[in-house]
1. Mind ranking B:54-64, B:36-46 by how tightly packed they are, going by the mean number of other C-beta atoms within 10 angstrom, highest first?
2. Taking a 20 Å limit on the Cα-Cα distance, which of the listed pairs B:K40/B:K69; A:K69/A:K106; B:K69/B:K95 fall beyond it?
3. Work out the FRET efficiency for B:I102 and A:I67 from their Cβ-Cβ distance, taking R0 = 51 Å, and round it to the nearest 0.05.
4. Of A:F36, A:L79, A:L48, which is farthest towards the positive pole of segment A:30-93's charge dipole, taken about the Cα centre with +1 and -1 on the beta-carbons of Lys, Arg and Asp, Glu respectively?
5. 7 Å from Cα along Cα→Cβ at both B:S87 and B:S23: what's the point-to-point distance in nm?
6. Which of the three applies to segment B:26-87, rounded, prolate or oblate, going by the alpha-carbon gyration tensor with a ≥ b ≥ c and a/c under 1.5 meaning rounded?
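Read-outs throughout are calculated quantities, based only on the coordinates presented, and are distinct from any laboratory measurement. Treat the numbers as computed from the prediction; the structure is a model and nothing was measured. Note: ideal-geometry Cβ built from the backbone for every residue, glycine included; neighbour counts use all protein chains shown.
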2 protein chains.
Amino acid sequence: MNAFSVTNPALSEKTEGLDEWESAVIDLFLNASNSFGLPKSYGQIYGLLFCRDQALSMDEVMDLLQISKGSASQGLRALRQFRAVSSTFALGDRKERFVAEICLRKLVSGFLREQADPHLDKGLSRLQQLEGLLEGCVSKDSRIR
Amino acid sequence: MNAFSVTNPALSEKTEGLDEWESAVIDLFLNASNSFGLPKSYGQIYGLLFCRDQALSMDEVMDLLQISKGSASQGLRALRQFRAVSSTFALGDRKERFVAEICLRKLVSGFLREQADPHLDKGLSRLQQLEGLLEGCVSKDSRIR
DNA sequence: CAGTTTGTTCAAAAAAACTTGAACAAACAC
DNA sequence: GTGTTTGTTCAAGTTTTTTTGAACAAACTG
């Protein structure tokens, strides 16, 4: 913040707040996000980007949704990881900007890849050791058919 | 618990504990359950029933998994609600007994119906009020194409 | 180089979810 | 009816997850 910065927030970065319909859409995704066991903030961020044609910076996301830097950073990273949002650097701009990936198929498969696999990996290795156990059981345990 | 009850737990209701392979399977479902944002206990219960051919009572589930009455009751109800387990009353038996529904397609669709719908209901009504808002916006807001 | 801007990380605080256990209700047996 | 068994509910305690904000690192500007 230097001596030339504007003091009127409405002029600083076109952050005029949310339209009524945008709040509604954001809430919609917030609830959907909740339903799938994801943090609310993920849903909010995706919802916001979903509403906007223009790509938004992290600052704008923070301001518009009233969330902290940490939440914005982590939320955006997660959403990027499962391909729900993509980011671009406009030429000659240091700010990274984000847009929503609108193809829901991608979103879901990305979510499953990121969310399910890490845990199921542990499970998978256990399944293998299980096969071994099963073989040993077949003869002595009648429960296995 | 009356004067005739047996004191040796191994004889009371054939609750001999879990086989090694059963523990492994239960762990598997526990982790999967976690991945989908469901309580651990749901996964454990489903995993246990998944292992057993015989239908189990709530008591047996509690004993074998070392979980409380409340957890067992609520877990079983939830699993029943999205058709992951079904219950039967053996003739002349007051105990309800539970078995796992093995068709995973049913499980997933049941999960989605139960988990997503209640929240998305709120969202849906919001979507309708949204339509109204949108119509009013089309003329004045160039963002909407 | 020093000063900014931008984004990440992580420990602590806050919020949310899960589990427990005791109290309760319903159904049954005698 | 009384006494027992079976299952549900819910407030309180516990655990887990999410959010925050300050400290940090990296990249850029002049």
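1. With the highest mean Cβ count within 10 Å placed first, the list reads B:36-46, B:54-64.
2. Checking Cα-Cα distances, A:K69/A:K106 exceed 20 Å.
3. For R0 = 51 Å, the calculated efficiency reads 0.75.
4. A:F36
5. 2.9
6. Because its axes are fairly even, with a/c under 1.5, segment B:26-87 counts as rounded.
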